[in-house]
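Everything below concerns the one structure shown next.
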Amino acid sequence: MGSASKHNFSSDNPSLYPCGRPLHAYDVPLKLVLLGATGSIGTQTMEIVRANADRLQVVAVSCFRRWPELAAELKLLAESCPGVPLPLVSVFDSKAHQEALKDGVFGDRLLGSGMDGVLESINSPDSVQVVINGMVGAAGLEPTLAAARRGVRIALANKESLVVGGDLVKREVFAHGAEILPVDSEHSAMAQCLSGRCETEIHKLILTASGGPFRQTSRKDLENVSLAQVLNHPTWNMGPKITVDCATLMNKGLEVIEAHHLFGVPYEKIEVVVHPGSSIHSFVEFVDGALLAQLGTPDMKLPIQYAINGEIHWPLPGSRLDLLKIGKLEFYEPDGVKFPCLELARQAGMAGGSAPIVLNGANEVAVAALLQEKIQYVDIPQVIEETLALQDHQPVNNLQDALGFDNQARRTAESLVEERFGC
Ligand code: MG
């Protein structure tokens with residue numbers, strides 16, 4: 001951390017991403033813990049492991065409740081990696097855990113349920129080099145902190161860990177010599193542009209946004225969009241929560257906060273541009289005006305394996321970007337009136353303390369309510385804004401504070417949904 005005093009920006013926000021610093025040198029096979037194994041990131045990570053069985057070994061996995069799907073994934077894994085011991089398993093949901101226990105499919109490899117089970121999956125294996133956090137929402141924070149305390153590489157797909165607990169994560173990562181490498185495609189793009197560079201060379205970060213399914217929908221028509229329309233993302237195929245966040249541009253707002261913590265760049269130096277083609281995954285502008293971008297097809301396996309393997313470009317089959325087919329690249333300013341979530345997130349990030357926790361908690365409640373068709377798309381920013389207005393702004397000193405503010409925000413947002421928007 002000796003570089004903090006030379007930092008281009010504020011020495012109280014050093015880069016969490018190991019910008020210009022050497023990465024951990026690990027022998028292969030890398031021992032992996034995969035959290036959120038049945039989600040979009042999890043199943044794609046399993047594909048990568050099957051394709052690189054000589055270099056990667058999964059030693060523990062966790063899922064939320066879809067244990068039969070996890071059992072099927074592990075069967076595929078056993079077929080492609082014969083002779084390799086199967087991983088320890090944790091199932092979060094207690095009812096699903098009971099079912100898995102009764103079924104016996106995981107044998108004595110089944111760990112406990114709930115957050116204790118997730119933490120066990122990080123702490124029990126004798127040897128771990130990489131924890132891939134593909135969990136959804138603020139629940140991912142505690143496992144990120146536990147992984148940081150093991151001093152390992154963390155391939156972070158759970159952006160909420162940084163939105164909700166950026167300063168707490170930073171403290172543990174620096175104290176225990178852990179390493180955070182981003183899996184979020186935009187932040188991976190920036191990391192690829194920054195390869196071998198120092199943080200003092202950064203002038204500004206430019207995040208690209210596809211604009212979501214409603215880029216060309218009028219404000220009036222947004223009032224009547226259906227859930228199916230919200231879930232119809234133009235570029236990426238992802239889980240429902242993040243797909244809704246993409247439609248409101250909250251995802252981009254959360255990514256601004258994530259970028260602030262990862263790269264130690266102040267909010268006024270983090271821009272968002274709408275780039276409907278999504279060929280460019282983000283830019284870094286350097287102090288001399290050089291603007292680097294990373295381009296590629298929208299395939300999350302690239303950022304996942306780039307983070308896991310310590311930023312080496314491994315072979316990856318699949319389609320490639322055809323520049324002649326793309327023809328031209330288009331950029332637009334985001335519409336802050338149509339998509340208020342982007343600015344709500346930026347403001348909460350700048351306020352710091354409990355504000356981003358409240359923003360995120362209210363958003364998770366509002367998204368869940370939309371998915372249950374209790375509220376409309378346009379109600380989401382309203383629930384968030386009103387929850388933020390009803391919560392006092394407080395400092396966050398530890399995990400208990402963070403979980404407490406998260407819980408309070410959820411209760412407030414839930415009662416708003418029931419009272420104001422409930423049908
Ligand atoms: Mg992203």
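Roughly what % of DSSP beta bridges within the chain run antiparallel, to the nearest 5?
30
Given the DSSP H assignment, sum -39500 (n - 2.57) over each helix run of at least 4 residues in the chain and divide by its residue total; what's the result at 222 nm in deg cm²/dmol, nearest 500?
Calculated from helices alone, the mean residue ellipticity at 222 nm is -13000 deg cm²/dmol.
Taking 7 Å along the Cα-to-C-beta vector as the label spot, tell me the E311-L390 distance in nanometres, rounded to one decimal.
4.4
Non-local amide H neighbours of S90 (under 5 Å, H modeled in plane, Pro and chain starts lacking H): which ones?
The list, which skips near neighbours in sequence, is V61, S62, C63, L111.
With charges set only on the Cβ (+1 for Lys and Arg, -1 for Asp and Glu), what does the dipole of the chain come to about its Cα centre, in debye to the nearest 20?
My answer is approximately 640 debye.
Given Cβ point charges of +1 (Lys, Arg) and -1 (Asp, Glu) and nothing else, what value in debye, to the nearest 20, does the dipole of segment 306-378 about its Cα centre take?
120
Which part of segment 199-232 falls in the paramagnetic zone of Q382, meaning amide N under 11 Å from the point 7 Å along Cα-to-beta-carbon?
223
List the GluC sites (Glu not before Pro) within segment 317-423 that fall in a DSSP loop (any state other than H, G, I, E or B) and whose Cβ has at most 13 other Cβ atoms within 10 Å.
Counting only loop positions with at most 13 other Cβ atoms within 10 Å, the GluC sites (Glu not before Pro) in segment 317-423 are E330, E373.
Between their Cα atoms, which of K95/K252; K170/K252; K241/K301; K31/K241; K170/K338; K301/K374 are more than 27 Å away from each other?
Violating the 27 Å Cα-Cα cut-off are K95/K252; K31/K241; K170/K338; K301/K374.
What are the chymotrypsin sites (Phe, Trp or Tyr not before Pro) within segment 203-289 that DSSP puts in a loop, where the Cβ has at most 13 other Cβ atoms within 10 Å?
Those that pass, being in a loop and sparsely packed, number zero.
What's the magnitude of the charge dipole for segment 30-188 around its Cα centre, counting Lys and Arg as +1 and Asp and Glu as -1 at the beta-carbon? Answer in Debye, nearest 20.
Here segment 30-188 has a charge dipole of around 140 debye.
Quick one: order H203, H260, H313, H187 by neighbouring beta-carbon count within 10 Å, fewest to most.
Listing H203, H260, H313, H187 from fewest to most nearby Cβ atoms yields H313, H203, H260, H187.
If amide hydrogens are placed 1.01 Å from N in the peptide plane, which non-local residues have theirs closer than 5 Å to the one on V58?
Here L32 satisfy the definition.
For segment 96-115 and segment 185-261, what is the centre-to-centre distance using only Cα atoms, to the nearest Å?
About 36 Å separates the Cα centre of segment 96-115 from the one of segment 185-261.
Could you run the Karplus curve 6.51 cos²θ - 1.76 cosθ + 1.60 with θ = phi - 60° over segment 82-99 and give me ³J(HN,Hα) per residue in whole Hz, x for Gly and Pro?
x, x, 8, x, 6, x, 5, 10, 10, 10, 5, 5, 5, 5, 5, 4, 4, 4
Along Cα→Cβ, 7 Å out, is where each label goes; now give me the distance between the ones at A72 and Y332 in nm to one decimal.
So the label points at A72 and Y332 sit 3.8 nm apart.
How far, in nm, would the chain grow between R21 and R219 when pulled straight, counting 0.36 nm per residue and subtracting the alpha carbon separation?
66.7 nm
Rounded to the nearest 0.05, what FRET efficiency do Q400 and L371 give with R0 = 25 Å and r taken as the Cβ-Cβ distance? Could you check?
0.30
Quick one: net charge of G289's neighbours, Cβ under 13 Å, K/R +1, D/E -1?
-2
Select from F331, C81, G361 the residue farthest towards the positive end of the dipole of the chain; place +1 on Cβ of Lys and Arg, -1 on Cβ of Asp and Glu, and compute about the Cα centre.
Result: C81.
Could you list S226, S90, S210 so that the one with the fewest beta carbons within 10 Å of its beta carbon is first and the one with the most is last?
S226, S210, S90
Would you mind ranking H97, H281, H233 so that the residue whose beta carbon has the fewest other beta carbons within 10 Å leads the list?
Final ranking by Cβ density, sparse to dense: H233, H97, H281.
So what are the chain's ellipsoid semi-axes, whole angstrom, largest first, if each one is the square root of 5 times an eigenvalue of the alpha-carbon gyration tensor?
Each semi-axis is the square root of five times an eigenvalue, giving 30, 27, 23 Å.
Every number here is computed from the coordinates shown, using simple stated rules; none is lab data. Note that the structure is a prediction, hence the values are computed from the model and not measured. Ideal geometry is used to build each Cβ from the backbone, glycine not excepted, and the neighbour counts take in all protein chains shown.
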